[in-house]
Amino acid sequence: NIKIEKGEIDYSNIKFVMASSLTTRKGIDLLAKALEKLDGIVKNKCEFHIFGDGICFELLKDTEAKLRNISLKLYGRVEKPYKQYGDKDVFLMTSRDECLPMSILEAMSIGMPIVSTNVGAIDELIIDGVNGIFIEPEINSIVTAITDILSKKYDLMKMGAESRNIFLEKFSAMQWCDSFSDIFNLTLKGTN
């Protein structure tokens, strides 16, 4: 069980985090272009911490070199990146295609609000406007969500607390064990 105490969020320096394979399937090309666009319009300081490796790593390195107002930190492949989420504020996912991403579950387990595309089974994890914000897999949608966050449109502390609650109610180890136990018991009853 992951336990990280989240501190107050400093809206003058929001820290976004992403853990993903760095591919176009994961929307990294969209993120790179969105960051370039945001760099010219952000008024608040913000940081993007990206854990992962893949064919778009160099694209992000090139983007990092162009940015003047946004801080982009690339960590490469890191084992258990969620252990470094403690001082980050918002989890970000720009995927064009997903199933049920473990990285979002990890972020929810420590009480992070989520900004994500609504693909695959992500709508099983996120309630738009409650514990996260849905975006489209397109540059302007990413930019809009981030600028809305920076302008304090959302109560990120409340959203983070809701993420933690949803995780505990639906996705904790105890909840999974209970669900598998129910399935196992139904199977046994069916063989009698």
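Against the definition (open to solvent by 20 Å² or more (accessible area, probe 1.4 Å), within 17 Å of K26 (Cβ to Cβ) and of a type in the set (A, V, I, L, M, F, W, C)), how does V130 come out, yes or no?
So V130 fails the test.
Looking at S163, S95 in this structure, which one is part of a helix (DSSP H, G or I) and either modelled with pLDDT under 95 or not charged (D, E, K, R) (or both)?
Testing whether each residue is part of a helix (DSSP H, G or I) and either modelled with pLDDT under 95 or not charged (D, E, K, R) (or both) leaves just S163.
Here are some residues: L60, L22. Which one is modelled with pLDDT of 95 or more, in contact with a strand residue (DSSP E or B) (Cβ under 8 Å, 6 or more places away or on another chain) and part of a helix (DSSP H, G or I)?
L60
Conditions tested, residue by residue: (1) over 20 Å from S141 (Cα atoms); (2) over 16 Å from the mean Cα position of the chain (by Cα).
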site: G7; (1), (2): yes, yes
site: S21; (1), (2): yes, no
site: R25; (1), (2): no, no
site: V42; (1), (2): no, yes
site: G52; (1), (2): yes, no
site: L72; (1), (2): no, no
site: E79; (1), (2): yes, yes
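Using the structure shown, decide if I142 is in contact (Cβ under 8 Å) with a residue 12 or more places away in the chain, assigned to a helix (DSSP H, G or I) and either among the hydrophobic types (A, V, I, L, M, F, W, C) or farther than 21 Å from Y11 by Cα (or both).
Judged against the criteria, I142 is a match.
Here is a yes/no grid of residues against (1) buried (at least 20 other Cβ atoms within 10 Å of the Cβ); (2) aromatic (F, W, Y):
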{"site": "G27", "(1), (2)": "yes, no"}
{"site": "A32", "(1), (2)": "yes, no"}
{"site": "C46", "(1), (2)": "yes, no"}
{"site": "F57", "(1), (2)": "no, yes"}
{"site": "L60", "(1), (2)": "yes, no"}
{"site": "S71", "(1), (2)": "no, no"}
{"site": "K83", "(1), (2)": "no, no"}
{"site": "D97", "(1), (2)": "no, no"}
{"site": "S103", "(1), (2)": "yes, no"}
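Do we find that E79 is out of contact with any strand residue (DSSP E or B) (no Cβ under 7 Å at 6 or more places or on another chain) and assigned to a loop (DSSP other than H, G, I, E, B) in this structure?
yes
The values are calculated or read from the model by the stated rules, or taken from the named source; none is laboratory data. These numbers were taken from a predicted model, which means no experiment stands behind them. Using ideal geometry, Cβ is built from the backbone for each residue, glycine included, and neighbour counts are taken over all protein chains shown. Surface accessibility is based on the protein's heavy atoms, side chains included, excluding ligands, DNA and RNA. Shrake-Rupley method; radii C 1.70, N 1.55, O 1.52, S 1.80 Å.
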